[in-house]
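Q: Next up is a structure, given as structure tokens.
Every read-out reported here was derived from the displayed coordinates using simple, explicitly stated rules and does not represent laboratory data. It should be emphasised that the depicted structure is a prediction, and the values quoted were computed from it without experimental measurement. With ideal geometry, Cβ positions are generated from the backbone for all residues, glycine too; neighbour counts draw on all protein chains shown.
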Amino acid sequence: MSYLSASSQLAKSPVTGDALSDQMGQSETMRLLIIEDDRDAADYLVRAFRETGHVADHAADGEEGYAMALDGNYDVLIVDRMLPKRDGLSVIGELRDKKVETPVLILSALGQVDDRVKGLRAGGDDYLPKPYSFSELLARVEVLARRRGGRNEDTVYRVGDLELDRLSHRVTRGTEEILLQPREFRLLEYLMKHAGQVVTRTMLLENVWDYHFDPQTNVIDVHISRLRSKIDKGFSQPLLHTIRGAGYMVRDGAR
Amino acid sequence: MGALGKLFRTTAFKLTLVYLTVFVLFAVFLLGYFAFNTQRLFIEQVTEAVNVEVTRLTEQFNAGGIRRLTLIVESRSRRPGSSLYLVTSPGGDGLAGNVGSLPTGVLDTPGWTETVYRRIEEGETSELHRALVRVSQLPGGFKLLVGRDLEERDRLYKVVLDAGKWSAAAVIFLGLIGGFFVARRVLRRVDAMTETTRTIMGGDLSERLPVGSSGDELDRLASNLNEMLDRIEALMGGLKEVSDNIAHDLKTPLTRMRIRAEEALRNSRSEADYRAALETTLDESDSLIRTFNALLMIARAEAGQARGNMVEFDAAEAAHSIGELYEPLAEEQGLTLEVVAPEGVKVYGNRELISQALANLVDNAIKYAAPVAKADGKPSEVLVTARAEGDHLLLSVSDRGPGIPEADRSRAVERFVRLEQSRSVPGSGLGLSLTAAVAHLHGGELRLEDNAPGLRATLVLPRFGPQPQTHPDRREAVQAPGRQ
């Protein structure tokens, strides 16, 4: 498949059926509410989430979405920013005022940094500019749902025989200590915090480097392969996996 | 009436009317003043002359009695242009004089009276004249009346009034005509300008307003507007060029995508074929989105919309951070990446955008230097530096790639321009223009210089934020200083 290697530098690889089933296999069922006025986009999302084993409801405007979010017990709300009757940010603001702390992911055609900041300030937990890929959305929603569970605040993360101590900044695999650069440590920390979940390149860039722009070249891949050579090289069981078309995942055990 | 109505509504015509009114009022005042004073003078002369005569005649009466008086009065009465005289007996009969009839009672009131009269030779039906007379009582019951005709004064009044009427009429007439012509002249020029602007608004930007040779305020306005039009035309031209480029660079991948899809529909046999075609389509759409985002960012940066997010931050830290992000990539590409940035170089700006601009420069440096390093078989260095120089922060990225020939440097930052040598390297062709746009947003510039060999790209940013200034012309600001 030569075209893939030719284009792999240019763009993130596309979603494939394999990748989706990879992602799906790892997660628990989530209850999602999609507040989006574009009927086609919403239908596609509902279908795609169902195919990946989740429950997704749909609200077509701000009022309906607000009422449903208030009543229903959802794990994550996916809210479009521009909605009829009531705009997305005010829905989120009102929910937060009513002490509804369900994580919210904002979808928006406005993708600049200041728009993003505005969205997060209004009470959103994550912000994804349109057009987005479903794998990116799924990965982010899963991270949000997991966060709600309040897990992963441990001081030591363990995946298989890999151990990361967040206080002493020590990383060991089996009995062997692995020396990491500070940034490599933060990269691994983020991956292990979300062990078993797909983490996309954009998520890594945002959370580990705090950049919200799109570097022309896929610099993240090189960082990952460096990290991989430190934690996986010489071990029979690889822990850092590439999920084709989506991102990366730290996971114990064979696929 | 429409055209005339338009004429009457012009400023020039309204001003004419105002001036005309003021002028007429002034003329009326002047004439009135003149008439009043002349009349006063006339009356003074009349009274003086009459007084003198009364005194003389009284003296004659005192010396020679009534006989002598009547003789003198008779002789004086016959002189042409003489005063008015009347001497009456105590019984009221006229003894001498040239006054024929008087209203009753005039003779009974001594002193000055303005009255009407007829001359003695005039008939009962002839017109009455106006006169100012003095009646004096003489010893023995005789009465002496001396006066002057006032026709002269009335004629003067009439002359002044006529002069006033006619000159006012002439002034108003000439003023209106003048106003009409001035207004029409101004209106014509304004109409010509309006006509031209309509053509321009209709889309013909090459049209220019007519400029006269008088250098008056309308000419100045017209030439200023023409300069504005020059600027707009240049900007529109630039915009058109840009949109043509955008159309080209977005249409090319769109066409490619469409062809692939079509071909897949026609030729694909297996699911794998379809899958492969779809994956390629996704790749291409991703790269389109990327191009689109970059364009939006440039547009926003150029429109100055990101000014709100500026803070003071450590530029050295930002440089190290970008260096750290790209270092593994550089190493993988057979290059070394070094960051030289002393701590505590602060700059006021948008950290995210400046980081992105720097990332673009580093990305470019790696892209272009890598093939050269590979060909040489030894690693070359990409150097990122941050340093303060006066009021400016200099963020520069130097590489040992092929560089950009001096003649091409100003073109290199234009949108979508990809110099010949860069065609083989993937990229949207927007990196440098995005970087230049970020520099301008901060009131700085992007300099491209010779690194002998290679390219040194330097972001020059004011350390204390953008200073208020007029928009620097994009091309001027990015012009690379010549280095021989």
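Q: Please rank B:E331, B:E262, B:E207, fewest neighbouring Cβ atoms within 10 Å first, as an exposure proxy. Before the final figure, lay out each step's value.
A: Numbers: B:E331 14, B:E262 11, B:E207 17.
Ranked by crowding around the Cβ, least crowded first: B:E262, B:E331, B:E207.
Q: Report the local net charge at B:E332: Lys and Arg +1, Asp and Glu -1, summed over other residues whose C-beta lies under 14 Å from its C-beta. Walk me through the numbers on the way to the answer.
A: On the way: positive: A:R226, A:R228, B:K367, B:K374; negative: A:D221, B:E327, B:E331, B:D363.
Taking every Cβ under 14 Å from that of B:E332, the sum is 0.
Q: Could you tell me whether segment A:33-142 comes out rounded, prolate or oblate from its Cα gyration tensor? Rule is a ≥ b ≥ c as square roots of the eigenvalues, rounded for a/c under 1.5, then prolate if a/b exceeds b/c, otherwise oblate. Please report the intermediate quantities before stating the final value.
A: Numbers: a/c = 1.40, a/b = 1.11, b/c = 1.26.
It is rounded, given that a/c, with a ≥ b ≥ c, falls under 1.5.
Q: With viscosity set to 0.692 mPa s and temperature to 37 °C, compute the Stokes-Einstein D of segment A:156-250, Rh being the Kirkwood radius across alpha carbon pairs; µm²/s, no decimals. Working shown, then result.
A: Working: Rh = 13.5 Å.
D, rounded to a whole number, is 243 µm²/s.
Q: To the nearest 0.05, what FRET efficiency results for B:E324 and B:E406 with a Förster distance of 35 Å applied to their C-beta separation? Don't skip to the end; give the middle numbers.
A: On the way: r = 33 Å, r/R0 = 0.93.
The value I calculate is 0.60.
Q: When the C-alpha atoms of chain A are aligned to their principal axes, what extent does each axis show, in angstrom, from largest down?
A: 58, 44, 34
Q: Given contacts defined as C-alpha pairs under 8 Å and at least six residues apart, what's the relative contact order of chain B, whole-number percent? Please list the in-between numbers first.
A: Numbers: 662 pairs, mean separation 45.5, N = 484.
RCO, chain B: 9 percent.
Q: What percentages, rounded to whole numbers, describe P(r) for segment B:211-327 computed over all alpha carbon pairs with 10 Å bin width beginning at zero?
A: Binned Cα distances yield the sequence 10, 19, 20, 21, 15, 9, 4, 1, 0.
Q: What is the helix-to-structure angle for A:62-71, meaning the angle in degrees between its Cα long axis and the longest Cα principal axis of chain A, kept from 0 to 90 and rounded to the nearest 10?
A: Once rounded, one gets 70 degrees.
Q: Tell me, what is the percent relative contact order of chain A, built from C-alpha pairs under 8 Å that lie six or more residues apart?
A: Numbers: 393 pairs, mean separation 45.5, N = 255.
Contact order relative to length: 18 percent.
Q: Note the direction-averaged projected area, equal to a quarter of the hull surface, for the Cα convex hull of the protein assembly as shown, in nm².
A: 62.0
Q: Rounded, prolate or oblate: which one fits segment A:73-131, using the alpha carbon gyration tensor with axes a ≥ b ≥ c (rounded when a/c is under 1.5, else prolate when a/b beats b/c, else oblate)?
A: Numbers: a/c = 1.61, a/b = 1.52, b/c = 1.06.
It is prolate, given that a/c is not under 1.5 and a/b is the larger ratio.
Q: Using 32 Å as the Cα-Cα cut-off, could you pick out the over-long pairs in A:K233/B:K378; A:K99/A:K193; A:K233/B:K367; A:K130/B:K240; B:K6/B:K158? Present the calculation step by step, with values, prior to reporting the outcome.
A: Numbers: A:K233/B:K378 27 Å; A:K99/A:K193 27 Å; A:K233/B:K367 28 Å; A:K130/B:K240 27 Å; B:K6/B:K158 40 Å.
Table pairs above 32 Å Cα-Cα are B:K6/B:K158.
Q: Moving on. Helix B:217-267 versus the longest principal axis of chain B: what angle, 0 to 90°, nearest 10, using Cα atoms?
A: 30
Q: Apply the a/c threshold of 1.5 to the C-alpha gyration tensor of chain B and tell me whether it is rounded, prolate or oblate. Display every interim value, and only then the final one.
A: Details: a/c = 6.79, a/b = 4.09, b/c = 1.66.
Verdict is prolate for chain B.
Q: Under the rule of at least 5 residues apart or a separate chain, name every residue whose amide H is placed under 5 Å from the amide H of B:R463.
A: B:H392, B:L393
Q: What are the extents of the Cα atoms of segment B:264-415 along their three principal axes, in Å, largest first?
A: Taking max minus min along each principal axis of the Cα atoms, segment B:264-415 gives 66, 45, 33 Å.
Q: Additional query: Once both labels are modelled 7 Å past Cα along the beta-carbon direction, what's the B:F36-B:E338 spacing in nm?
A: Once both label points are built, they end up 10.1 nm from each other.
Q: Next question. Provide the gained length on full extension for the span B:E151 to B:I172, in nm with one decimal, where the gain is 0.36 nm per separating residue minus the Cα-Cα distance.
A: 4.5 nm
Q: What ranking of B:K143, B:K346, B:K378 emerges when the number of other C-beta atoms within 10 Å of each C-beta is taken as an exposure proxy, fewest first?
A: On the way: B:K143 19, B:K346 15, B:K378 8.
The most exposed by this proxy come first: B:K378, B:K346, B:K143.
Q: So if I take the centroid of the Cα atoms in segment B:203-254 and the same for segment A:179-215, what is the distance between those two points in Å?
A: 49
Q: Please compute the Kirkwood hydrodynamic radius of segment B:1-207 from all pairs of different C-alpha atoms, in Å with one decimal.
A: Values: mean 1/r = 0.0451 Å⁻¹.
About 22.2 Å for segment B:1-207.
Q: Got the relative contact order for segment A:156-250 handy, in percent, Cα pairs under 8 Å and 6 or more residues apart? Write down the numbers at each step before the final one.
A: Numbers: 107 pairs, mean separation 25.9, N = 95.
Rounded, it is 27 percent for segment A:156-250.
Q: Hey, fewest Cβ within 10 Å first, where do A:S135, B:S167 land in order? Mind dumping the intermediate values first?
A: Working: A:S135 26, B:S167 15.
Fewest-to-most Cβ neighbours within 10 Å comes out as B:S167, A:S135.
Q: Expressed as an acute angle from 0 to 90° and rounded to the nearest 10, what is the orientation of the C-alpha long axis of helix B:315-332 relative to the principal long axis of chain B?
A: 40
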